[in-house]
Each structure stands twice: as C-alpha cells, then as structure tokens.
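> Below is one structure. I have some questions about it.
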Amino acid sequence: MDVNDFDFELPEELIAQTPLIDRTASRLMVLDRVTGAVKHRQFRDIIDELNAGDVIVLNDTRVLPARLIGVKEETGASIEVLLLKEKGSDEWETLVKPAKRVKVGTVITFGDGRLTAQCTATMDQGGRVFKFRYDGIFYEILDALGQMPLPPYITETLDDQSRYQTVFAKERGSAAAPTAGLHFTEEILQAIKEKGVGVEFITLHVGLGTFRPVSADTIEEHTMHAEYYNVSAHTAEAINKAKANGGKVIAIGTTSARTLETIATLHDGKIVESSGWTSIFIYPGYTFSILDGMLTNFHLPKSTLIMLISALATREHVLAAYREAVQEKYRFFSFGDAMFIKPHTK
C-alpha cells in the first residue's frame with residue numbers, strides 16, 4: 001500500500017500552536033466508522049456520544065521534561081539532548097542535535113555542571129546513548145533543568161508546562177503527550193462516570209517514532225519503534241466485562257488503541273494484566289480484536305497515526321472527513337480539535 005495514499009493538503013495556519021484556555025472548548029468531529037457520516041459538535045458533547053455500559057480507556061503516562069540544552073565540555077558548543085528511553089544504571093537512549101558534534105566519549109554538561117552526560121554509543125538518525133552523572137535525585141534535577149519536548153511543528157513557547165500533560169497523568173516516562181487525553185478535565189470524567197460509562201487507564205510511554213512520517217515508499221516496508229506498556233488486572237477485568245455485556249470499548253487516543261490491540265492479539269481477543277513492549281503497526285486491512293471506537297486528534301499527513309484510524313474507519317471515510325475538517329477550519333495536531341470515531345449503531 002502506497003504511503004502517498006494517506007497524504008492530504010493542510011494549510012499551515014490550521015496547525016494549533018497553543019492550547020485553548022478551556023481544555024473542553026475544542027471542537028469535536030463525530031465520524032460514523034461504517035457510513036462515514038459526519039457531525040460537528042463541541043468536545044464537551046462527548047458525553048452524549050457515549051452510552052451506559054461502554055468503557056473509555058485513557059493513557060495515564062506522564063511526559064518527562066526530556067529536552068535538555070547543554071554545552072560540549074571541550075568546545076562550549078550548544079547541544080540539545082532529548083531523552084527517549086531509560087536503559088538502566090543512569091544510561092538513556094537519546095536524540096541529539098547537532099548529532100555530528102557528539103561522538104563516543106563526548107561529555108556534555110547541563111545546568112553549570114549539575115548534570116553531566118558522556119556518550120557511550122551511537123545509533124541511527126542522530127541517536128546517542130549517554131551515561132549520566134549527578135548528585136541527588138535524577139528526576140528532581142530533570143524537573144529543574146529540562147523542558148517539555150514539544151513537537152517540531154509547534155513553534156510557539158508554552159507558558160504553562162502542565163498544558164502538555166493530561167489531568168490524569170501519573171506514570172512518568174513519555175517523550176510526548178497522549179494528546180487525545182488533553183481535552184479531558186476531572187469534571188468531564190466525573191460526568192462520564194455518572195452516566196454509567198467506565199473510565200479505565202492503561203500506560204503506554206510514547207516514543208517519538210510514533211509521530212514521524214513514514215519514510216518508506218510503501219506501508220509494508222515501515223518498522224515501528226517499540227514502546228513500553230502496562231495494563232492492570234482491574235482495567236483488564238473492566239474491559240472484558242463491558243465487552244461481554246455488549247458495551248463498546250472506546251480508546252482515548254492511538255496509544256491506548258495500540259496497547260489494547262497488542263494485548264488482545266496475544267490473548268485471543270481478551271485483555272489480561274500484562275506489561276511489555278509493543279511495535280504493533282495498524283493500517284487498513286487490520287482486523288480489530290477489542291476496539292469499537294476511538295477519540296483522537298487530527299494527525300499529520302502520511303503518519304502511522306492516520307493509517308491507524310483509517311484501519312478503523314476506512315481510508316476513504318477518514319480522508320473525506322479530513323477534507324471537511326480543513327474546509328471547516330478545524331485546528332490540527334497536538335493542541336488541536338478532536339475526532340470521535342463512533343461505533344456504528346443501526
């Protein structure tokens with residue numbers, strides 16, 4: 001399948017640069033996954049689109065302030081280091097800019113020496129492994145020195161760092177926010193519960209590979225980066241019970257969708273308590289084992305994310321909905337509006 005089949009025209013002015021003051025004030029496009037019918041609503045109307053007995057599944061990962069700006073010890077040159085994956089023993093896989101200045105043995109200092117890092121290995125596409133040294137608690141130092149790793153298409157400064165965290169963020173370890181969850185407040189989650197809808201949580205630590213455009217010519221040639229997930233026994237039981245009783249399982253975001261489908265694929269369509277690494281790549285032709293619907297933001301052209309939602313609602317329906325979103329001037333990407341891919345009901 002050609003990657004260009006998932007391309008679309010997006011005016012640059014539709015890329016949301018800052019979050020709305022009210023998290024629930026975003027617009028909501030409702031797309032029937034079977035018929036392709038579209039409705040235009042506000043995000044707070046999501047409550048009306050859910051039914052008692054359904055369950056929504058949110059990703060409670062917490063974004064690390066993983067962007068560090070340091071200086072090369074030998075020359076004083078400025079180096080940006082983005083933490084991607086903790087390897088243990090204070091070693092991290094990172095993405096470095098400019099990577100050509102960092103070789104094995106290079107030492108970088110941050111915060112006037114409060115934190116230092118020595119390169120121990122090189123990887124593809126600007127990747128480097130660093131061994132960190134410090135006095136104190138690493139995550140406290142990171143909170144003091146690090147910045148939120150906003151996507152490259154966001155060029156405005158984020159004044160309130162908490163706006164790139166969900167209100168339910170708990171398990172630290174993500175390189176990016178699960179952005180569909182940014183629309184929720186505690187009040188709207190409570191209202192959803194009061195309607196009889198289950199609210200459950202999984203953890204998937206988002207890696208930057210999820211958001212990169214596919215560089216291969218065909219989808220089948222693309223390889224996903226592995227990301228760590230964890231699902232509790234409580235969440236697994238709630239999802240299986242809802243499914244058995246005829247309720248719909250709604251993933252909040254592509255990260256929740258990928259986690260659920262990974263586990264269901266491994267366990268004959270059931271969700272079980274588990275943790276591990278997933279590199280599942282979902283695109284049209286995939287048969288969903290557990291998912292009935294999904295809430296998601298509007299994604300980049302030719303990304304694995306638009307391919308995933310096209311697997312759920314067909315490429316034709318999704319691209320038609322995106323064309324309408326552009327025409328109606330919806331806000332795109334991380335701080336933008338939302339789409340609810342709704343289970344079809346007769």
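> Please verify whether residue 251 is at pLDDT 95 or above, within 20 Å of the chain's Cα centre (by Cα), small (Gly, Ala, Ser) and open to solvent by less than 30 Å² (accessible area, probe 1.4 Å), treating the condition exactly as stated.
Taking the combined requirement at face value, the residue satisfies it.
> Identify the residue in region 217-240 that is within 25 Å of residue 313 (Cβ to Cβ) and among the polar types (S, T, N, Q) and, among all such residues, is most open to solvent (accessible area, probe 1.4 Å).
Step by step, filter region 217-240, then rank; the result is 223.
> Looking only at residues that are of a type in the set (Gly, Ala, Ser) and in a loop (DSSP other than H, G, I, E, B) in region 283-297, which one is surrounded by the most Cβ atoms within 10 Å (Cβ to Cβ)? It would help to see each step written out before you state the result.
Looking only at region 283-297, we keep the residues that are of a type in the set (Gly, Ala, Ser), and these are 285, 289, 293.
Next, only the ones that are in a loop (DSSP other than H, G, I, E, B) stay: 285, 289.
Working: 285: 9, 289: 17.
Of everything passing the filter in region 283-297, 289 is surrounded by the most Cβ atoms within 10 Å (Cβ to Cβ).
> Quick check: is even one residue across region 298-305 open to solvent by less than 30 Å² (accessible area, probe 1.4 Å), modelled with pLDDT of 95 or more and more than 19 Å from residue 177 (Cα to Cα)?
No; the residues of region 298-305 include none that is open to solvent by less than 30 Å² (accessible area, probe 1.4 Å), modelled with pLDDT of 95 or more and more than 19 Å from residue 177 (Cα to Cα).
> Counting just the residues of region 78-91 that are in contact with a Lys or Arg (Cβ under 6 Å, 6 or more places away or on another chain) and of a type outside the set (D, E, K, R), which one comes out surrounded by the fewest Cβ atoms within 10 Å (Cβ to Cβ)?
Restricting to residues being in contact with a Lys or Arg (Cβ under 6 Å, 6 or more places away or on another chain) and of a type outside the set (D, E, K, R), the top hit is 82.
> Within region 129-150, count every residue that is in a strand (DSSP E or B), of a type outside the set (Phe, Trp, Tyr), at pLDDT 95 or above and open to solvent by 20 Å² or more (accessible area, probe 1.4 Å). Working first, answer last.
Applying the first criterion (in a strand (DSSP E or B)) to region 129-150 yields 129-134, 147.
Pick out the ones that are also of a type outside the set (Phe, Trp, Tyr) and you get 129, 131, 133, 147.
Then keep just the ones that are at pLDDT 95 or above; that gives 129, 131, 133.
Still in the running and open to solvent by 20 Å² or more (accessible area, probe 1.4 Å): 131, 133.
Qualifying residue count for the region: 2.
> Continuing with the same structure: With the requirement that a residue be outside any loop (DSSP other than H, G, I, E, B) and open to solvent by 60 Å² or more (accessible area, probe 1.4 Å), what does region 163-180 give you?
Selection gives 171, 172.
> Take the residues in region 97-117 that are part of a strand (DSSP E or B) and either surrounded by fewer than 16 Cβ atoms within 10 Å (Cβ to Cβ) or hydrophobic (A, V, I, L, M, F, W, C) (or both), then tell me which one is modelled with the lowest pLDDT.
97
> Scan region 181-210 for residues that are closer than 21 Å to residue 162 by Cβ, outside any helix (DSSP H, G or I) and aliphatic (A, V, I, L, M) and report the count.
Count: 3.
> Now for a separate question. Taking the stated definitions as given, is residue 243 open to solvent by 40 Å² or more (accessible area, probe 1.4 Å), more than 15 Å from residue 33 (Cα to Cα) and outside any loop (DSSP other than H, G, I, E, B)?
Here the answer is yes, as residue 243 does meet what is asked.
> Go through region 128-183 and give me each residue that's over 20 Å from residue 97 (Cα atoms) and of a type in the set (A, V, I, L, M).
137, 141, 144, 158, 167, 169, 177, 180, 182
> Taking region 181-216 as the search range and keeping residues that are surrounded by 16 or more Cβ atoms within 10 Å (Cβ to Cβ) and small (Gly, Ala, Ser), which one is modelled with the lowest pLDDT?
Restricting to residues being surrounded by 16 or more Cβ atoms within 10 Å (Cβ to Cβ) and small (Gly, Ala, Ser), the top hit is 209.
> Cβ-Cβ distance below 7 Å, separation of 6 or more or different chains: which pairs start in region 153-165 with a residue that is among the charged types (D, E, K, R) and end on one that is surrounded by 16 or more Cβ atoms within 10 Å (Cβ to Cβ) and assigned to a loop (DSSP other than H, G, I, E, B)?
Here the result reads 156/17; 163/19, each pair linking region 153-165 to a residue that is surrounded by 16 or more Cβ atoms within 10 Å (Cβ to Cβ) and assigned to a loop (DSSP other than H, G, I, E, B).
> I'm checking my understanding of the structure. Among residues of region 261-275 that are open to solvent by 70 Å² or more (accessible area, probe 1.4 Å) and not in a helix (DSSP H, G or I), which one is nearest to residue 235 (Cα to Cα)?
Restricting attention to region 261-275, the residues satisfying the condition of being open to solvent by 70 Å² or more (accessible area, probe 1.4 Å) are 265-268, 270, 273.
Add one more test, that the residue is not in a helix (DSSP H, G or I), and what stays is 267-268, 270, 273.
Values: 267: 15, 268: 17, 270: 12, 273: 8 Å.
Per the criteria, the residue is 273.
> Answer yes or no as to whether residue 12 is free of Cβ contacts under 8 Å to residues at least 24 places away in the same chain and not hydroxyl-bearing (Ser, Thr, Tyr).
On the way: free of Cβ contacts under 8 Å to residues at least 24 places away in the same chain: yes; not hydroxyl-bearing (Ser, Thr, Tyr): yes.
Judged against the criteria, residue 12 is a match.
> Yes or no: residue 70 more than 30 Å from residue 343 (Cβ to Cβ) and open to solvent by less than 50 Å² (accessible area, probe 1.4 Å)?
Yes: the conditions hold for residue 70.
> Which residue pairs have Cβ atoms under 8 Å apart, sit 6 or more places apart or on different chains, and have a first residue in region 239-252 that is farther than 19 Å from residue 296 by Cα and in contact (Cβ under 8 Å) with a residue 60 or more places away in the chain and a second that is surrounded by fewer than 18 Cβ atoms within 10 Å (Cβ to Cβ) and of a type in the set (S, T, N, Q)?
The qualifying pairs are 247/51.
> Out of the residues in region 47-77 meeting the condition of being touching a Lys or Arg at 6+ places or on another chain (Cβ under 9 Å) and basic (Lys, Arg), tell me which one is nearest to residue 232 (Cα to Cα).
Among those that are touching a Lys or Arg at 6+ places or on another chain (Cβ under 9 Å) and basic (Lys, Arg), it is 62.
The values are calculated or read from the model by the stated rules, or taken from the named source; none is laboratory data. These numbers come from a predicted model, not from an experiment. Note that each Cβ is placed from the backbone with ideal geometry, even for glycine, and that neighbours are counted across all protein chains shown. When the accessible area is computed, the model is the full protein with side chains, heavy atoms only, and any ligands, DNA or RNA have been set aside. Shrake-Rupley method; radii C 1.70, N 1.55, O 1.52, S 1.80 Å.
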